[in-house]
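What follows draws every value from the coordinates through simple rules; no lab data is involved. Note that the coordinates shown come from a computational prediction; the quantities given were computed from them, not determined experimentally.
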Amino acid sequence: MSVYGLIKNGPRLLKPIYKSIVAILSNIAPYTKSLCKEGCDGLMYLFQVFSKKDFLMEKEDNCKTLGSLMEAINYLISYHDETNHYLQIQLMKYQTMFDLFDQNVSTYGNAGPPPAIMQPEEDSYESGQPEKVEEDKVEEEVKVEAEK
């Protein structure tokens, strides 16, 4: 509850430590036996805030923050599903929000790999032969020199 209050009503000066705050949530989630209704409302609010495109595009670490929050929710479901009735209700209530997030992530995923990722050379795949490793190239050069 206090994390929800800090992020919703707290000063924007806390924005740089959101990642740390959510990491703490993620670390204590496996040990949390049950959440109250307000705590589950707070988790869903945090997911809404952290999954907005503007927030995610602001800094690279913001994606990690959302990942940590999802990890915390996953831990709550995995370890104490039977005792977190309010969380189950909230997850069903906000199902459309998760579906929309999944759709948006899927559309970003189909845009192709980022330019920094190198694509494999197509020649090695077309010929069916793997590319030669450095050692193979050295051995081939030695054989050529020996034949001369």
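If I stretch the segment between GLU58 and GLN103 completely, what's the gain in nm (0.36 nm per residue apart, minus their alpha carbon distance), one decimal? Don't skip to the answer; put the middle values down first.
Details: separation 45, 0.36 × 45 = 16.20 nm, distance 2.04 nm.
Net length gain for the segment: 14.2 nm.
Counting only C-alpha contacts under 8 Å and six or more residues apart, can you give the relative contact order of segment 2-109 as a whole percent? The partial results should precede the final answer.
Working: 81 pairs, mean separation 37.3, N = 108.
In percent, rounded to a whole number, it is 35.
Under the Karplus relation 6.51 cos²θ - 1.76 cosθ + 1.60, θ = phi - 60°, what is the ordered set of whole-Hz ³J(HN,Hα) values for segment 56-63, x standing for Gly and Pro?
Running phi through 6.51 cos²θ - 1.76 cosθ + 1.60 with θ = phi - 60° gives 5, 7, 5, 9, 5, 5, 5, 5 Hz.
Would you check segment 24-85 for Lys pairs whose C-alpha atoms are within less than 28 Å, ignoring same-chain pairs closer than 8 in sequence, and give me the count?
Close lysine pairs under the 28 Å cut-off: 6.
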